[in-house]
Amino acid sequence: MTKTTAASEHIIEEVTSWPGVESGPGKRGEYAFKVGGREFGHLHGDRAAHFSFPKDVWSMFKEEGRITHHPVFPDSQGPAARGIANSADIRDVIELLRLNYDRLVLRFGIPTSVAARDA
């Protein structure tokens, strides 16, 4: 019998392999990803991912159909949501998380303790 990996397990396995990523449960039932103490996205089980993007990036992703409005901030540009229904959604959630991760690492770097450990 083949074991099917849940969407969240697949995403968590990939994202936590990136240097400096810390992850774990948040205060509202989400599973958050952080680098240097800054959250770059979180999951709500196997059904949705939430992010925050600069307004111009948010607008581009919204126009491309890659994100929708965040349910808590439905009138705001920046906070975003992405449903997870299939393997294409899983891949895109990982890509969106990676874009946010790369943006933070470019701006703030990888935490010193991680960079020293991996050197």
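Once Rh for the chain is found with the Kirkwood sum over Cα pairs, what is the Stokes-Einstein diffusion coefficient at 4 °C and 1.567 mPa s, in µm²/s?
Using the Kirkwood radius from Cα pairs, D works out to 87 µm²/s.
Would you mind getting the accessible area per residue of the chain, heavy atoms of the protein chains only, 1.4 Å probe, in Å²?
Heavy-atom SASA per residue in the chain reads 62 Å².
Ignoring the sites themselves, what is the longest stretch of the chain with no trypsin sites (Lys or Arg not before Pro) in a DSSP loop and at most 10 other beta-carbon atoms within 10 Å?
Formally, the longest exposed-site-free interval is 29-119.
Give, rounded to the nearest 20 debye, the magnitude of the charge dipole that the chain has about its Cα centre when Lys and Arg contribute +1 at Cβ and Asp and Glu contribute -1 at Cβ.
It comes to approximately 260 debye.
State, as an integer percentage, the relative contact order of the chain based on alpha-carbon contacts under 8 Å between residues 6 or more apart.
About 24 percent, as a whole number.
Helix check for the chain. Which DSSP H runs span at least 30 Å along their own axis by Cα, with a mean Kyte-Doolittle hydropathy no less than -1.0?
Membrane-span-like by this criterion, though nothing is claimed about a membrane: 87-108.
For the chain, with all protein chains present and a 1.4 Å probe, just round the carbon and sulfur fraction of the accessible area to a whole percent.
Percent of accessible area from carbon and sulfur atoms in the chain: 52.
The values are calculated or read from the model by the stated rules, or taken from the named source; none is laboratory data. None of the values given here were measured: they were computed from a predicted structure. Here the Cβ is made from the backbone with ideal geometry for all residues, glycine too, and neighbour counts use every protein chain on show. Accessible surface is based on the protein model in full, side chains and every heavy atom, while ligands, DNA and RNA are left aside. Shrake-Rupley method; radii C 1.70, N 1.55, O 1.52, S 1.80 Å.
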